[in-house]
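First the structure, in the form of structure tokens, and then the observations on it.
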Amino acid sequence: MKRFLGLFLLMLCSLSAMADKFSVSGTVMDGGAQDEPLAGAVVTLLNPTDSAQVTGVLAGADGKFQLPVSKAGSYLLRVSFLGYVPRIQAITLNKKSPTFAAGEITLEPDAKALKETEVTAKLAQVEMKADTFIYNADAYRLPEGATLDALIKKLPGAKLNDDGTISINGKTVSKIMANGKDYFEGDNKMALKSFNVKAVKNIKAYDKKSDYSRITGIDDGEEETVLDLTVKPGMMDAWDLNIDLGYGTEDRYKLWGTASKFTEHSNLTLTASRNNVNDGGWGRWGGGGGITTSDMYGVNFGWENGRQRYTAKYFEIGGNVRYSHTKNESETKSNSEMFLSETTSSFKNAYNNSVSKSGNLNAGLRMEWMPDSFTTLTFRPMYSHSESHNRGNSTNLTFNDDPYKFTTNPMGLFEHYDIAENKMILDSIGVNSNVRETMSDSYSNQGSADFQVNRRLGKAGRNITMNVGGRYSKSDATSWSRNEVKYYQDETHPADFTNQYNLSPSKSYNYQARFSYTEPLTSHLNLQASYQLQHRFSDNNRSMYSIDSLLTKFEGYYTAEQLYLGYLPGLDSLNYCYNRENSQYATYKELNHDAQLLFRYNNKWESGSELNFNAGLSFQPQTTHMDYTKNTLDTTVVRHTFNWAPRVRLRYKISNTSTLDVRYNARMNQPSMTNLLEVVDSSDPLNISTGNAGLRSSWNNNMNLFYNGYNTEKQRGWSLNANYGNTKNSISTATVYNTKTGGSYSRPMNINGNWNAGGMTMFNTAMGPKKAWNFTTMVHARYNHNVGYLNANSDADLTAFMVGNRVNLDRLFATVDLQQAITRTTNLNHDVRINYRNDLGVNGDWSLEVGVNGDWSLQHSRSKVRSTANMDNWNFNYGGNVVFSTPFNLSFSSDIEQQSRRGYSDKTMNTNELVWNARLSQNLKNWLRGQDLTVMVEWNDILNRKSNISRAISSTMRSDTWSNAINSYLMVHVIYRLNLRGNRDQRQGMFGPGGGMRGGFPGGGPGHGGGGGGGMRGMMH
């Protein structure tokens, strides 16, 4: 190991020794945009005597450049870009001053050059600069009244899931930003809902560095993928007000309003919305998952004092306060199969009905201050309060054979048990029925604060950083459950009745301190060492009361009907109901150490390419004290563990439009303390579990490769994302199943063989001489190799493990021969989109975009245990869309899509759904003296064909689920927009003819025709 480390350091030092001793660095900024770097600017060093070029380089995607110089001397630094006024500055390099930091160099647009330039190409839908994807908003036409999520759905490589998760080229987006600043941090739904889509110039997708990496320049591996919204320059320094009031059939409504102001050094946004169309900030036409009523209110602000960032006296403050409330009324029907052995399965059909309400209040603040040019202070406090109230009821039927062999409506067997045929079927294949009612209320308060101070020391690249922080949370949960279970195959045990009341208060806190030091070993090699000490404490209490015990303790005084859901007897009687066996109390005290050592190599070449290589190790000793009380067990357990985690990253910037990024990381994980305790949880008679003292730690390996490229002239881009992961000694749940009662006995156990691999490719290109056509294709592929335990035992087998009326789980799992279930699942998805966008008429005042799209997905599963469990699930979607605007401020948009499903066990789920939506809008500003008022009619799911179906697959089971959804409705909107003190041409042009969004330069109109060849950045013809 020492020999390897020595060779590694010698190699890196040799590479750095070859580097030039003199250099010039800086950042080129676009004077025609708001705080935006000018990627691709030409930076040259000239001889002052004859202006001959000595060397040169192109600025990167972030506008930064570093120009190596071979020898000392006096030079002219020239920075230029087509369509901008060049800047020239005299500099001198010598042994005393081998480097020159030019700081920010702002280039102003050349008005004459811009006026004389004829732009004939359409604005590129997407550009790629290094590892940043830039989506030009004006290249996408959207229907009137569309919100920002509708734009994101159109972006090449983007995916917006039903749960609100956004992914870009396979990477999950964790944060929304605006003009490079945090925007409603922690709540992407509110961020998208509050932003006026027509004020967006472009959307940048990139991996944002942590505060530590950004300030020190040293990669700590804590990146997060973000979407950064750039406000159109003409919309700056103005109040932008947007109001949308809609009401429709089925009592559907949608109320939304936002007011925002962005300036060069500040921003303020206020937003409020309420709707019952399942539009929590995401759904364009509503969706499944129940009927949801949402309320969202928030304010976001930011301010900086106008000084240049990373210079003395710079100060920035920002934050947000937001509140949301949802009410969901959900109805689901499901059927599932649990694989027990090579020949047997357990089948279940279920119906669930629930109403849930939740409210969340969140507040966050962020401050950054540089008292001098070497010191940076950041402070981030946060607070949140949440509460939820849930009510639900369900009916579950378990069978020992596939019920669809005997009936098309398995739930009807129970609902109409009095019919002789139903009784005969249920008595022969039925295992149990469970009618369950639940009710719960919970409250939680959390607070946190992080403070970081960074000090740059004398030598460039030498940093010292200290971070201290802490978190505190307190919660209280109360729940009731009432179950009536009937057994059809066990004559000695025909029924169970339980009525439980649970109190679960908890609190926790932790605080940590982190110290890190960075030392530049050479001009290209840095060594970073850090140490973190963390103390964690948690206190969890669960008190269970078995209200059903009143039936036996006071025999004849109570009946099951009297013990309704939520019933609580007097205090004395309640104490009789205390369930000592399933009540527990636990406190945890953890002391965690984390020592990290990281080497970072960086080099740039005159060609503009750049190499970053990081390699590091993290060592994590941990000591945990647990005090645990349950039933007769009262113990203190002390555990000492030692985890370690390596990570390696190679990032190669091939050019300004192409990047290769390869990552590897691994981590050791310990089983939870409660999983190691062999105590029985019998609170649910159908699901009894215990721990396992013999669990071993697991090891996770993860590799990821990302590559992207872009051809500016052809407006053609492509990307590849591939990943692989495996887990050694992963924790799986071993289950012994009782075929007579349908009850299960489970225990966590280690297992090997779980791994997965996947990838995604995206290709996007403009077509035609004027780039009016656009083609996008995305292919996703994933393979999962799932391994789990399963076992089936008859009731006769289990009698040997009975102690009194309970099963001895230690003896059971020590005796049974557990089988391994292996399921191999392949998921494939292919998405294709083609669209045509153009402006028509003599003056280009008619706007048209037409598109077709299609995608298919396959879920191919093969079980090693049972060939009958093999299945193929297909989904096909294909359709088209149109957005048409007229010079009379009238616009029309429509989309239609055929959605087909195949391969579901329940034949009623194999559906063909033709979903058709349409919008017609009329802007009335010509009749209202310029007031921007629009009346819009939208009709969603015109044919009333939409439903919501999903499938889940694992190594031990499969499940098909249907849920209620928002379907067809007609809604009338009144939309009002007001922009105060903004650029007049921008305000008028941003809406285009008919109020719709236009491609090209803001303003549209005669002669512009959707204009914009991608700004002045290499998109001109």
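The values are calculated or read from the model by the stated rules, or taken from the named source; none is laboratory data. These numbers come from a predicted model, not from an experiment. Note that we place each Cβ from the backbone using ideal geometry, even for glycine, and neighbour counts take in every protein chain shown. Just so you know, the surface numbers come from the protein's heavy atoms only, side chains and all, with ligands and any DNA or RNA stripped out. Shrake-Rupley method; radii C 1.70, N 1.55, O 1.52, S 1.80 Å.
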### Query
Condition test on Ser345, is it over 30 Å from Gly103 (Cβ atoms), open to solvent by less than 50 Å² (accessible area, probe 1.4 Å) and modelled with pLDDT of 90 or more?
no
### Task
Kindly list the number of the only condition in (1) out of contact with any Ser or Thr (no Cβ under 6 Å at 6 or more places or on another chain); (2) β-branched (Val, Ile, Thr); (3) surrounded by 15 or more Cβ atoms within 10 Å (Cβ to Cβ) that fails for Thr492.
(3)
### Residue, nearest to Gln596 (Cα to Cα), within region 656-673, restricted to residues that are open to solvent by 40 Å² or more (accessible area, probe 1.4 Å) and of a type in the set (Ser, Thr, Tyr)
Tyr664
### Task
Give the residue that is most open to solvent (accessible area, probe 1.4 Å), with candidates limited to residues of region 405-419 that are among the aliphatic types (A, V, I, L, M) and under 12 Å from Ser433 (Cα atoms).
Met411
### Query
Under 6 Å by Cβ, and 6 or more places apart or on different chains, what pairs join a residue from region 690-711 that is over 30 Å from Arg811 (Cβ atoms) with one that is hydroxyl-bearing (Ser, Thr, Tyr) and part of a loop (DSSP other than H, G, I, E, B)?
Tyr710/Thr657
### Query
Of Asp62, Asp20, Asp50, Asp30, which residue is at pLDDT below 80 and within 30 Å of Ile203 (Cβ to Cβ)?
Asp62
### Query
Thr408 fails exactly one of the following numbered conditions: (1) in contact with a Phe, Trp or Tyr (Cβ under 9 Å, 6 or more places away or on another chain); (2) modelled with pLDDT under 95; (3) hydroxyl-bearing (Ser, Thr, Tyr). What is the number of that condition?
(1)
### Message
Any residue in region 784-795 that is on the phi < 0 side of the Ramachandran plot and open to solvent by 20 Å² or more (accessible area, probe 1.4 Å) sitting within a Cβ distance under 6 Å of a residue that is of a type in the set (Phe, Trp, Tyr) and at pLDDT 70 or above? List the pairs, counting only those 6 or more apart or interchain.
### Response
His785/Trp755; Ala792/Tyr737
#### Entry: Filter result (of a type in the set (S, T, N, Q), without any contact (Cβ under 8 Å) to a residue 40 or more places away in the chain, closer than 16 Å to Arg951 by Cβ and assigned to a strand (DSSP E or B)) within region 867-898
Asn875, Asn877
### Message
Which pairs turn up if I take residues in region 929-958 that are under 16 Å from Glu250 (Cα atoms) and look for partners that are of a type in the set (Lys, Arg) with beta carbon separation below 6 Å, at least 6 apart in sequence or on another chain?
### Response
Glu938/Arg919
### Query
Before we move on, is Glu329 crowded, with 16+ Cβ neighbours inside 10 Å and more than 22 Å from the chain's Cα centre (by Cα)?
no
#### Entry: Residues satisfying the stated conditions in region 958-1008, i.e. surrounded by 20 or more Cβ atoms within 10 Å (Cβ to Cβ), hydrophobic (A, V, I, L, M, F, W, C) and either modelled with pLDDT of 85 or more or under 29 Å from the mean Cα position of the chain (by Cα) (or both)
Trp962, Ile966, Met971, Ile975, Met997
### Message
I'd like to verify a number: residues in region 920-957 that are within 30 Å of Arg901 (Cα to Cα), touching a strand residue (DSSP E or B) at 6+ places or on another chain (Cβ under 9 Å), part of a loop (DSSP other than H, G, I, E, B) and open to solvent by 20 Å² or more (accessible area, probe 1.4 Å), how many?
### Response
7
### Single match in Val865, Val842 (criterion: at pLDDT below 85, of a type in the set (A, V, I, L, M, F, W, C) and surrounded by 15 or more Cβ atoms within 10 Å (Cβ to Cβ))
Val865
### Query
Across region 726-745, what is the total count of residues that are part of a loop (DSSP other than H, G, I, E, B) and at pLDDT 85 or above?
1
### Message
Tell me whether region 486-494 contains one or more residues that are among the hydroxyl-bearing types (Ser, Thr, Tyr) and over 30 Å from Ile429 (Cα atoms).
### Response
no
### Message
Give all pairs with beta carbons closer than 7 Å in which a residue from region 179-192 that is over 15 Å from Leu361 (Cα atoms) meets a residue that is acidic (Asp, Glu) and open to solvent by 30 Å² or more (accessible area, probe 1.4 Å); count only pairs at least 6 apart in sequence or on separate chains.
### Response
Asn179/Asp35; Gly180/Asp35
### Message
With the structure loaded, tell me whether Ser523 is in contact with a Gly (Cβ under 9 Å, 6 or more places away or on another chain) and not in a strand (DSSP E or B) or whether it fails that test.
### Response
yes
### Query
Hey, any hits in region 602-621 for a residue that's among the basic types (Lys, Arg), closer than 30 Å to Phe515 by Cα, in contact (Cβ under 8 Å) with a residue 24 or more places away in the chain and buried (at least 17 other Cβ atoms within 10 Å of the Cβ)?
yes
### Task
Tell me, yes or no, whether region 51-72 has at least one residue that is of a type outside the set (S, T, N, Q), part of a loop (DSSP other than H, G, I, E, B), open to solvent by less than 20 Å² (accessible area, probe 1.4 Å) and in contact with a helix residue (DSSP H, G or I) (Cβ under 7 Å, 6 or more places away or on another chain).
no
### Query
Residues in region 420-441 that are open to solvent by 10 Å² or more (accessible area, probe 1.4 Å), assigned to a strand (DSSP E or B) and aliphatic (A, V, I, L, M): how many?
2
### Message
With touching a residue at least 40 places away in the same chain (Cβ under 8 Å) and surrounded by fewer than 18 Cβ atoms within 10 Å (Cβ to Cβ) as the only criterion, which of Tyr501, Tyr509, Tyr578, Tyr517 stands out?
### Response
Tyr517
### Query
Can we say Gly753 is over 22 Å from Ala495 (Cα atoms), modelled with pLDDT of 95 or more and in contact with a strand residue (DSSP E or B) (Cβ under 7 Å, 6 or more places away or on another chain)?
no
### Query
Is region 264-286 home to any residue that is among the aromatic types (Phe, Trp, Tyr), assigned to a strand (DSSP E or B) and in contact with a strand residue (DSSP E or B) (Cβ under 6 Å, 6 or more places away or on another chain)?
no
### Query
Take the residues of region 699-725 that are buried (at least 16 other Cβ atoms within 10 Å of the Cβ) and not in a strand (DSSP E or B): which is modelled with the lowest pLDDT?
Thr712
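This table checks each residue for (1) within 22 Å of Met296 (Cβ to Cβ); (2) open to solvent by 50 Å² or more (accessible area, probe 1.4 Å); (3) among the polar types (S, T, N, Q).
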site: Tyr351; (1), (2), (3): no, yes, no
site: Ser358; (1), (2), (3): yes, no, yes
site: Tyr383; (1), (2), (3): yes, yes, no
site: Glu387; (1), (2), (3): yes, yes, no
site: Arg391; (1), (2), (3): no, yes, no
site: Asp401; (1), (2), (3): no, no, no
### Task
Identify the single condition in (1) over 30 Å from Asn432 (Cα atoms); (2) touching a helix residue (DSSP H, G or I) at 6+ places or on another chain (Cβ under 6 Å); (3) buried (at least 16 other Cβ atoms within 10 Å of the Cβ); (4) not acidic (Asp, Glu) that Ala693 does not satisfy, given that it satisfies every other one.
(3)
### Filtered residues of region 181-201 (kept if under 18 Å from the mean Cα position of the chain (by Cα) and among the basic types (Lys, Arg))
Lys189, Lys193
